[in-house]
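In what follows, a structure is listed as C-alpha cells, so that the remarks can point back to it.
Please treat every number below as a calculation from the coordinates, not as lab data. Keep in mind that what you see is a predicted model, and the values were worked out from it rather than measured. When we count neighbours, we look across all protein chains shown, and the Cβ atoms used for this are built from the backbone with ideal geometry, even at glycine.
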Amino acid sequence: MLRDGKEKCSVFSKVITAAICGIESRKISVEADVSDGMPGFSMVGFLASEVKEAQDRVRTALKNSGISIPAKRITINLAPGDVRKSGSGFDLPIAVAVLAALGYVPGEALAGVLFVGELSLSGRVNRVRGVLEMVDSAAGFGCHTCVVPEGNLREGSVIQGVRVLGAGSLEQVLCFLNGEDVLRKLPINIEEIRSGQTKEPDMDFAEIQGQTVLRRACEVAVAGMHNLLMVGPPGAGKTMTARRIPTILPQTSQEEALEISKIHSIAGLLPEEVGLMTRRPFRAPHHTVTPIALAGGGRTPRPGEVSLAHRGVLYLDELTEFQNSTLEILRQPLEEGRVSISRNTGSYLFPADFMLVASMNPCKCGYYPDRRRCTCSLREVKQYLDHVSQPLLDRIDICVEARPVRYSELTFPKRGESSASIRKRVTRVQNIQLERYRGTRFRFNSDLTLSAVKEYCPLGRKEQKLMEETFAKLELTARAYCKILKVARTIADLEGCGQIGLSHLGEAICYRSLDKKFWAKQL
C-alpha cells in the first residue's frame, strides 16, 4: 500500500489538532509547505523544545514506515503563533500534514478530522496527555472525527457525538486516509462504567472503634463539604479516619466524573484501562511536597495536587511538617475553589474545589496535654502550634480532637455504623443544599459568602446572644464567625431543621475550640 515519494505533490496542506493550555484545549492548525530549494525540515510557531524535536521523530517514523521523503524544503507552521505548543502530541498531525503535502493522501480526507498522537521511531503511535479534553472540544473546532492513539481510545470514546478512532501506527493512519477501514472503534456505555462506583470500597467507617466525636465531626464536615482538622496523639486513628472519608462522600454525577477525568487526563494520570473516573479523588501528598507540586505550575503549567483533588478530598497528614510557604498557598483555593497561575505565556485557571482534611499532633512528641507522657515544654508546644498560621486556621471550618482509644472501645465486639449508612444521610443533606441554592452559584453550605450567610443562616434572639458571647470569648475573626454559622446550618440540615437552634450552634462552636487563640490561653 505504501508508495515511494511522488514527483508531483500538493504544495500546501493543513491538519487540525489541539493544544492543552491549562485545563482547556485550543485549536491548532498544522500547516505544511513543500517547495524546491535547499533540502531541509524546519518548524515554526512558538514551539517548546519537545515539539521542535518532532521533526526528527517524524522523519525517522516516515522512513521506517516505508515512506520516502524527496529532497525538498519542508516547512511546518503551527498556528496561531501566540499560543505556546508543548508536549509530544503534535507528532502525528505533523506527519499527516507532510504526507498530504507530498500527495500520499487526498486533501479532502483531512476535512473535519482532528489528529493527535506521539510517534515512536518505528512509526508506532503512542498515547499522550489530555485526549479527553481535546475530543470534548473537537466539535467546537468543526471536527466530526478524532484520530487518537490506541492507548487513549477508551478515554476518548467516553465523549458522545464525535467519532473517535484509535490508531496503532502511522501506516494504519495512511491506509485510513486512503479509504480503508483499519482504525479501531470502541463503543462505551457510560452508565455501565458509572454503575461500577456503586460497589462498596474495601475500607469502611465501621472499622473505626470508639471516636464517637470524631466520627460525628467527619459526617458533619462531609455533609456540608467543610474543611476538617483532626488533632490528637499518634495512634488515635486520624489517618485511618481520613482515608475512610471518601467512602461516605456521595456518588459523582456524570458531569463531575467527566470533570475529574479531564483533569487527570491532562496531568497524565488517567490509567489506560479507565475511560472515566467515577470515584471522587483522594489525594494525600507527602509533607515534602513543593509549592508548585501542590498548587500546580511549572514552565508549562500543569494541575497540582489541589486540582487533582477537585470534587474530592485533599488530605494533609502531619500538617505541621509541611513548609510554611507550601501551606500558605492553600489560601486562594480554599477561598475561591480555583488556582490562578500567571506566566509570560499567559494566565491559567485550574479548578480546585476540594474538601481539605488535615491531621496533626498537639505537640512535637505528640502527647500534650498528657503530662505523664508529654516531654515538651510549654514554649515548645506553642512553637509547634505556631507553625500553622491563624489565617489558614480561619479557613478550616471544623477542628476536632482525636482522643486516645481505650482498650474497652478497641475490643468492643459490636461494629460501628457502616459507611453506606452514613452516606445515605450525607447524600440526603447535600440534596437539600443543592435544592436550597438552586439558581445561585453555591452548591454547599461551605460555599456561602458573608452576604449569603446573613440570608441563609438567620439567628433568633437567643442564638444571637450566644454568638455574641462566643465571639468575644474566643476572639473570633469575621471569617471564623461565618464558619461557625455555616457549620451550624449543616448540623441543622442533618437534624432536618429549617432554623438554626441553640444545640446546632453549640455543636458548631465546639468545633472551633481548637482555634489557635484557644490553645494559647490553655498554655
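Just how far, in whole angstrom, is segment 325-353 from segment 462-512 if you go by their alpha carbon centroids?
Measuring centre to centre over Cα atoms gives 30 Å.
Given (1) 167; (2) 148; (3) 234, which label gives volume of the Cα convex hull per residue in Å³ as computed from the coordinates?
The calculated read-out lines up with (1).
If you keep only loop residues by DSSP, which trypsin sites (Lys or Arg not before Pro) in segment 439-493 have at most 11 other Cβ atoms within 10 Å of their Cβ?
Answer by residue number: Arg441.
So what is the calculated 222 nm ellipticity per residue for the chain, using -39500 (n - 2.57) for each DSSP H run with n of 4 or more, over all residues, to the nearest 500 deg cm²/dmol?
Helix contribution divided over all residues of the chain: -10000 deg cm²/dmol.
Put +1 on the Cβ of each Lys and Arg and -1 on the Cβ of each Asp and Glu in the chain; which of Gln251, Ala492, Cys510 then has its Cα farthest toward the positive end of the dipole?
Cys510
Choose one of Cys365, Leu319, Ala79: the residue whose Cα lies farthest towards the positive end of the charge dipole of the chain (beta-carbon charges +1 Lys, Arg; -1 Asp, Glu; about the Cα centre).
Highest projection toward the positive end goes to Cys365.
Let me spell out the model: positive unit charges on the Cβ of Lys and Arg, negative unit charges on the Cβ of Asp and Glu, origin at the Cα centre of segment 12-177. What dipole size does that give, in debye rounded to 20?
160
Between Val339 and residues 5 or more places away or on another chain, which pairs have amide H atoms under 5 Å apart, with H built 1.01 Å from N, and which residues are they?
Here Phe350, Ala352 satisfy the definition.
Tabulate in residue order the Karplus-calculated ³J(HN,Hα) for segment 210-218, using 6.51 cos²θ - 1.76 cosθ + 1.60 with θ = phi - 60°, rounded to whole Hz; enter x for Gly and Pro.
Those phi angles translate into x, 6, 4, 5, 5, 4, 5, 4, 5 Hz.
Exceeding 30 Å between C-alpha atoms, which entries from my cross-link table qualify? They are Lys414/Lys483; Lys382/Lys454; Lys72/Lys262; Lys262/Lys424.
Listed pairs above 30 Å: Lys414/Lys483; Lys382/Lys454; Lys72/Lys262.
What trypsin sites (Lys or Arg not before Pro) in segment 263-371 are in a loop by DSSP, with at most 13 other Cβ atoms within 10 Å of the Cβ?
Sites meeting the loop and neighbour criteria: Arg299, Arg371.
Once the dipole of segment 393-434 is set up with Lys and Arg at +1 and Asp and Glu at -1 on Cβ about the Cα centre, which of Tyr407, Thr427, Ile396 lies farthest towards its positive end?
My answer, from the dipole projection, is Thr427.
What percent antiparallel are the DSSP beta bridges of the chain, to the nearest 5?
About 50 percent, rounded to the nearest 5.
Could you list, in their original order, any pairs among Lys238/Lys364; Lys238/Lys465; Lys364/Lys486; Lys465/Lys486 whose Cα atoms are separated by more than 26 Å?
Listed pairs above 26 Å: Lys238/Lys465; Lys364/Lys486.
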